[in-house]
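Read through the structure below, which is laid out as structure tokens, and then see the notes.
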Amino acid sequence: MGDATAFSSMDEFCGSTFWDANETWWTTDPDFTPCFEQTVLVWAPCAFFWLFMLFDFWYLKASLDKNIPWNRLNISKLLINVGLLVVTALDLIMSFVKKGGDSELPLYGVDIWTPIIKLLTFLMVLMFIPLNRKYGVQTSGCQFMFWFLLTIFSIPRCRTEARLHQERGQIIGSQQAEPHDFTWETYQFASFFIFFAFTCLMLILNCFADQLPRQTKYYRGPKEIPELSASFLSRITYSWFDRMALKGYRNPLEEKDLWDLRPQDSCKEVMPTFAHYWNKNVRKNYKRASGGQEPKAQFSNGKVSFENPQSNGRKKGMASIMPPIYRSFGGIFLFGSFFKLITDILTFAQPQVLSLIIGYVEDFAKVPQPEWKGIMYSILLFVLASAQTFILAQYFHRMFIVGLRIRTALINCIYRKALRISNAARKASTVGEIVNLMAVDAQRFMDLTTYLNMLWSAPLQIALALYFLWQQLGPSVLAGLAVMIIMIPLNGFIASRIKTYQIRQMKYKDERVKLMNEVLSGIKVLKLYAWEPSFEKQVLDIRDKEIATLRATAYLNASTSFLWSCAPFLVSLVTFATYVLIDENNVLDAKKTFVSLSLFNILRFPLTMLPMLITNLVQTQVSVQRINKFLNSEELDPNNVQHDASKPHPMSIENGHFSWGDEDEMTLKNINMQVPKNNLVAIVGTVGSGKSSVIQALLGEMEKISGTVNTVGKMAYVPQQAWIQNATVRDNILFGKPYDRKRYNKVIDACALRTDIEILSAGDLTEVGEKGINLSGGQKQRISLARAVYHNADLYLLDDPLSAVDSHVGKHIFEEVIGPKGMLAKKTRVLVTHGITFLPQTDKIYVMKMGEISENGTYAELLKNRGAFADFLMQHLQEGEEEEEELNQIKRQLSQTDPALVAPFEKAILLARTESLSDSISVTSADSLMGGSLRRRGKRQDSYDSNASAASLKKKQEVEGKLIETEKSQTGGVDFAVYKHYIKSVGIFLSVATLVLNFVFQAFQIGSNLWLTQWSNDKAVEHDTGLRNMYLGVYGAFGFGQVVSRYLSGLALALGGLHCSLDVFTKLIRMVLKWPMDLFDTTPLGRILSRFAKDIDTVDNVLPQIVSQFLSTCYSVLATIVVISISTPIFLAVIVPIGFIYYFAQRFYVATSRQLMRLESVSRSPIYSHFGETVTGVSTIRAYTVQDRFIEESDNKVDKNQVCKYPSLIANRWLAVRLEMVGNLIILFASLFAVLGGQTNPGLVGLSVSYALQVTQTLNWLVRMSSDIETNIVSVERIKEYGETKQEAAWELEEDKKKPKNWPEDGRVEFKDFQVRYREGLELVLRGVSFNISGGQKVGIVGRTGAGKSSLTLALFRIIESAGGKILIDGIDIATMGLHMLRSRLTIIPQDPVLFSGSLRSNLDPFEVKTDDEIWKALELSHLKAFAKSLTAGLNHEISEGGENLSVGQRQLVCLARALLRKTKVLVLDEATAAVDLETDDLIQKTIRSEFRECTVLTIAHRLNTILDSDKVIVLDKGQITEFDAPSALLADPKSAFFSMAKDANLV
């Protein structure tokens, strides 16, 4: 009754009927009443505008820009708006003039109120035009929507007015009637159409965005993101992204193609807000002890300062990051959640419309309905789906923005904290853990934001679905729900099993990769010993275990996917069965069936999401705790060091007690130390006496317990472990200072870097790898020193900068830089040193002992004291590290200061001298066989053309700087050949089986659904229970078919994946182990490893899953098309154009998105590596006080990553909007054809439309999956590429069997005019070498670096193949036999001992062919027996990776034991210089002389005294033999090269 009264009051308001159902609904020609058109249809858009106007005000406030110039667009808007105001005002005036009062037309409320409402609204819109212009807002969604609604809602009135006009024309035209006064009606007609035209114009104008504002807060350049100045329409359809999609489709995107970041998302905008709320939160949690003034978040020149939780008095609790996050980003998040709410509601409107459509078709069969209703329903469905598409896209977009901003805020917050954290707090966690806070934990937030709304949305969706289902089916719904709920723990159980298997598989994978790492690192040794098969077997054994766990996982995965795909069917089966069996009167009709089915489909999503969401939340909770712990950890106390300029000396410590943060443990006690201005003060002492700690105390890095530290002036600091950034050498030295060429060159010469820089491929612009990986220790140390010198500070703290450099370089540096005549002579310097040579030149010496200063004074004073300093000198000399000339210098200094001390020192000096027979021949001992490092190869080739012109040399160096081939980054699509290769590896049978079974599964599914339609249309069922049970039984049988076929298809795929994994891996390892050595030299180890780790992992785990998802989505899209075409065949006509649209969207997306993701991952790692670098070098950064610069660098890196990340998120939205619109079109046509085709079968219509409703999501997934397949199949491509590289010669040949069993018997070695080069295209290293060694001779090979000594031995083992000439052993050409035959019959003791992790036994005898006795005998001869006996495990003692748990000498002895075990006729000795102490060296020499008496021994010598007793000596020079004779004969000839070498070594 309430409706009726409301209608009647409206009738009075209008003076005519307001709602007439017969005119609007029950008619074939529907129309609204004029009253309805003039009230509701005008008021609704206005109400919308007034409601959402708040957002417009918010945008005005939030805008960063100002002042858009007047232009055609906003002026036309203004004029048309004024026009509208005039028309409306006229309406109001005319209605007063023409109606009411004395005119015969009465004046109604509608004539006054409608124009007034319109007037106010237009005024408001008019106000926004100058406001938007002033505040730089370029487009307004609210206004666009207002004009859009107003235009749409005015259309019915157009029709009405036009009809009335026609009728009036007829009345006037027919002369019978008395004349009418139509002026009011004609006026209304005219005014309405003018108004309508203006509205349409406004709508068109609102489709465009205004010009760029003149004043902007941030520079908006040519590369600005189009989104900022895109119109509302372009924003909701994402058409502003089209340009990028097109560009990415034409050719792969590069970094320069990307747009700048939106200012709102940059660190500069995000950080201050976050910092503001964080500081507030800190203040709340830490009550201030002093009632001091509360600082605001300071924005001094754009710097953001975070307050330190520790410094503010008492602790009330941890300051958490959550409240500041809510406060800073909650607004956008809530706005997004509002969108989510709308889409949820729209989702449930769809089944309701579906039931209307089914009802329409059912009625159509009995009583023909007017066609417009069907059309209206179809359009309604389409509109709902489209609205959902657009709103959902905006929702995701908002969520991603929030996620990105939170990530930015957290990363920067963590970074800023890391620069201030105290050392004790830093030691509590490793650098890796701290970097993980940023890489993992901050990233978690980003992944979570999209899901977070599911917390309220999922229960809401479940509740709504159940409510609507209850309406359809009553209590039987609960049966279906029970099935769904039982599924969840079942899946949970399976998931936890999968997880245990995955952990196990990870363990095996790590083992396998570790072993591969060792194999590849020691590949040269494996080749020399012919040990590859043994290690291949070890790797394959681990792989077998891994495959076993993979097999278990595969079965489980098949069962989960099977459970999920059958769940919806089981649910509907159980529900419908319960429904019809509960009560005789319950009958399934089409409406019930299909509305329930589509509701069940909606229900699936929230039920799957909830468990995932909960695990995600738990993980994020853990992350929050970890980040909070870090952000609340204590910081360095800025008051550790005072800067009081009134003190007499620039650096001083008085009564200092310091610790490394552990209160109880004092590291330094009673430190008193003054450093006068411009003095050089040295700190000496034994290892661990606290020298470096004093430096740290001066920097303020140590916790001060009591006393005062004072420094005045700028600091520079050289740490003991040089800290080098991953930047160019020049940047490392400049360290943020401007480049001043004169000073820079002076510094480089002083620090002896000139020669190093000339060697580097690109001079001082060579990039230094992470942690300075491509520099030697000495180079790093000197760069670190150069940085300090260039910095031109007042105070210098030098922590043992000369430790890593050679003595003569150290001397040069001391004289040029540190000493009294150096560049720093006029500075105040503190030097920690071990070099006693320099001490006489210092102004004062402090001697440290056990954390205290034991004595101090000048050099002379300390020597007179005969105290700790003199002991220190003695001890130092006995360690014998000094060079000859230094010892003499010390002696001279002593005799000047205190002659009495000379005698005890003489003794120490003698000891030192005997031990340093320095290697006078070869400068780089690394040049022998095993160290085949690439850098040296570069030098080697240079040594020939030292006379070549500098220019050609420079060019050559640049090429050589790039010896490592750059990795091919695949761009564009993937060859079909790769897919073919994959299918072959999976196995043809299994591939076909998967396809067929998936097809069968879909057939059963469609079958069961068609059967349902048959059942719901069959009216006879109502009375016949037998018939009903038959229907139910067949339905169940169809279900059973689905279950079986689905499970089998899942299994087939899983097993295929396994088969592929096995096949691919075995091939890969076989191929890689057969690579020739030069391939290993030019391919970085990391790259080969990533094939074995990442790419194999992709083939194992990722690809099978993606393929299975791809297949199921692909088939379900096909099924949808089939079903719709069965019910409405005409649909096929539409498929083709829709398919085209789909294909194009997909191609554009895949090309662009793949490249964007690549760019994003490339730009992400610098953030983390820069952070890791900062954490390691934090004390250096603090010493130089350059924190701000580093913070800015970090911010820029984060922004740069966002620049790549944002477009890839947008690409997803762009695609989603386009694809979902394609899906919506399918919905539209499916429902339209169903309605228009005069279809009488309601079941079929229900089926086809409910299928169409699902298709939107599926289409989206299909593209995602196909692009994922393309991205991941690349792994197969890479592995395939590695399996097809060139191989070395065969390991075994048939002919080998004919050769003598115990070849070589005599050990005669003959080189005939032998030539060899390292790789194609390089010069010869040996140029025609000929010599003959008879069996059993001992031959020494000597020559300067790069003469070709090691090439000779490599050629003997055919590690490098000959380029001419041949090598005969016992008269057999070694090029004619298999590599393993050759290599296993020769023995080498390599220069650097390589051991593999495993037992001691496996390192000596990997093929397990020798007996224990033989092994013990070998150990005894190699002097390892005592050591091996002392081990608890004996021969089974585990050796760690690279033999870390043995000393270097012991490793060398293990290599000797290997040689003794093999005992072949030819032994090659690559003599070790570095590792072995003199005694061990003697042992090795003795053993070789006794045990290998009968053998031919070739020795590459570095110390001449070891080969003076050999039979012959070969002297090599530049790849040719210059002398070949007995050593005695050569020494007798003073002109020989051998003689001059011996003279250099003080042997003659």
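The values are calculated or read from the model by the stated rules, or taken from the named source; none is laboratory data. Since the structure is predicted, the reported quantities are computational estimates derived from the model, not experimental observations. Heads up, the Cβs are rebuilt from the backbone with ideal geometry, glycines too, and the neighbour counts pull from every protein chain shown. Each accessible area value is taken on the protein alone, full model and side chains, heavy atoms only, with ligands, DNA and RNA left out. Shrake-Rupley method; radii C 1.70, N 1.55, O 1.52, S 1.80 Å.
Summary table below
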| read-out | value |
| --- | --- |
| Residues of the stretch 1194-1241 satisfying the condition of being of a type outside the set (S, T, N, Q), crowded, with 24+ Cβ neighbours inside 10 Å and farther than 26 Å from residue 1259 by Cβ | 1198 |
| Verdict on residue 1086 being surrounded by fewer than 21 Cβ atoms within 10 Å (Cβ to Cβ) and small (Gly, Ala, Ser) | yes |
| Conditions (1) open to solvent by 30 Å² or more (accessible area, probe 1.4 Å); (2) in contact with a helix residue (DSSP H, G or I) (Cβ under 9 Å, 6 or more places away or on another chain): number failed by residue 1185 | (2) |
| Residues (at pLDDT 90 or above and touching a helix residue (DSSP H, G or I) at 6+ places or on another chain (Cβ under 9 Å)) located in the stretch 676-695 | 680, 682, 683 |
| Strands (runs of 3 or more DSSP E) enclosed by the stretch 660-762 - at least 1 residues per element that are over 28 Å from residue 1173 (Cα atoms) and open to solvent by 10 Å² or more (accessible area, probe 1.4 Å) | 668-675, 703-711 |
| Boolean, residue 1354 is open to solvent by less than 20 Å² (accessible area, probe 1.4 Å), assigned to a loop (DSSP other than H, G, I, E, B) and either under 20 Å from residue 1294 (Cα atoms) or touching a residue at least 12 places away in the same chain (Cβ under 8 Å) (or both) | no |
| Candidate set from the stretch 1050-1083 (those that are hydroxyl-bearing (Ser, Thr, Tyr) and closer than 23 Å to residue 541 by Cβ); member that is surrounded by the most Cβ atoms within 10 Å (Cβ to Cβ) | 1061 |
| Subset of the stretch 1371-1412 [more than 15 Å from residue 534 (Cβ to Cβ), of a type outside the set (A, V, I, L, M, F, W, C) and either within 42 Å of the chain's Cα centre (by Cα) or buried (at least 18 other Cβ atoms within 10 Å of the Cβ) (or both)] | 1378, 1385, 1387, 1390, 1391, 1392, 1393 |
| Tally of residues being touching a Ser or Thr at 6+ places or on another chain (Cβ under 9 Å), part of a helix (DSSP H, G or I) and not polar (S, T, N, Q) across the stretch 129-178 | 6 |
| Leading residue by the ranking (nearest to residue 131 (Cα to Cα)) among those in the stretch 209-228 that are crowded, with 18+ Cβ neighbours inside 10 Å and of a type outside the set (D, E, K, R) | 213 |
| In the stretch 1108-1124, the residues that are in contact with a Ser or Thr (Cβ under 9 Å, 6 or more places away or on another chain) and either open to solvent by less than 30 Å² (accessible area, probe 1.4 Å) or not in a helix (DSSP H, G or I) (or both) | 1111, 1113, 1117, 1120, 1123, 1124 |
| Every pair of residues 6+ apart whose Cβ atoms lie under 8 Å, when the first sits in the stretch 1526-1544 and is in contact (Cβ under 8 Å) with a residue 40 or more places away in the chain while the second is acidic (Asp, Glu) and assigned to a loop (DSSP other than H, G, I, E, B) | 1527/1509 |
| Residue satisfying all of: in the stretch 1263-1318; assigned to a loop (DSSP other than H, G, I, E, B) and among the basic types (Lys, Arg); least open to solvent (accessible area, probe 1.4 Å) among these | 1299 |
| Residue 498 assigned to a helix (DSSP H, G or I), within 28 Å of residue 555 (Cβ to Cβ), modelled with pLDDT of 85 or more and open to solvent by less than 40 Å² (accessible area, probe 1.4 Å) | yes |
| Residues satisfying the stated conditions in the stretch 821-852, i.e. assigned to a loop (DSSP other than H, G, I, E, B) and at negative phi | 821, 822, 823, 824, 825, 826, 827, 833, 834, 835, 842, 843 |
| Criterion (among the basic types (Lys, Arg) and at pLDDT below 85) met by exactly one of 1301, 1338, 1366, 1312 | 1301 |
| Failed condition for residue 1191, given (1) surrounded by fewer than 19 Cβ atoms within 10 Å (Cβ to Cβ); (2) assigned to a helix (DSSP H, G or I) | (1) |
| Hey, residue 702 touching a strand residue (DSSP E or B) at 6+ places or on another chain (Cβ under 6 Å), at pLDDT 90 or above and either over 25 Å from residue 1177 (Cα atoms) or not acidic (Asp, Glu) (or both) or not | no |
| Residues (over 20 Å from residue 1302 (Cβ atoms) and not small (Gly, Ala, Ser)) located in the stretch 1333-1357 | 1338, 1339, 1341, 1342, 1344, 1345, 1349, 1352, 1353, 1354 |
| Any pair with Cβ under 9 angstrom, 6 or more apart, that starts in the stretch 226-249 at a residue that is within 11 Å of residue 1152 (Cβ to Cβ) and ends at one that is of a type in the set (D, E, K, R) | 241/227; 241/1213; 244/257; 247/257; 248/257; 248/1154; 249/1147 |
| Count of residues meeting criterion [assigned to a helix (DSSP H, G or I) and not polar (S, T, N, Q)] in the stretch 1385-1424 | 13 |
| Residue ranges of helices (runs of 4 or more DSSP H) in the stretch 365-441 with at least 3 members touching a residue at least 12 places away in the same chain (Cβ under 8 Å) and surrounded by 19 or more Cβ atoms within 10 Å (Cβ to Cβ) | 371-418 |
| Residue satisfying all of: in the stretch 74-104; buried (at least 16 other Cβ atoms within 10 Å of the Cβ) and over 20 Å from residue 154 (Cβ atoms); modelled with the highest pLDDT among these | 74 |
| Hits in the stretch 625-642 (condition: surrounded by fewer than 18 Cβ atoms within 10 Å (Cβ to Cβ) and of a type outside the set (D, E, K, R)) | 625, 628, 638, 639, 642 |
| Matching option when the condition is assigned to a loop (DSSP other than H, G, I, E, B) and either open to solvent by 50 Å² or more (accessible area, probe 1.4 Å) or in contact (Cβ under 8 Å) with a residue 40 or more places away in the chain (or both), among 974, 992 | 974 |
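Table: residues versus (1) over 15 Å from residue 1031 (Cβ atoms); (2) in contact (Cβ under 8 Å) with a residue 60 or more places away in the chain.
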position: 569; (1), (2): yes, yes
position: 572; (1), (2): no, yes
position: 576; (1), (2): no, yes
position: 593; (1), (2): no, yes
position: 597; (1), (2): yes, yes
position: 603; (1), (2): yes, yes
position: 609; (1), (2): yes, yes
position: 615; (1), (2): yes, no
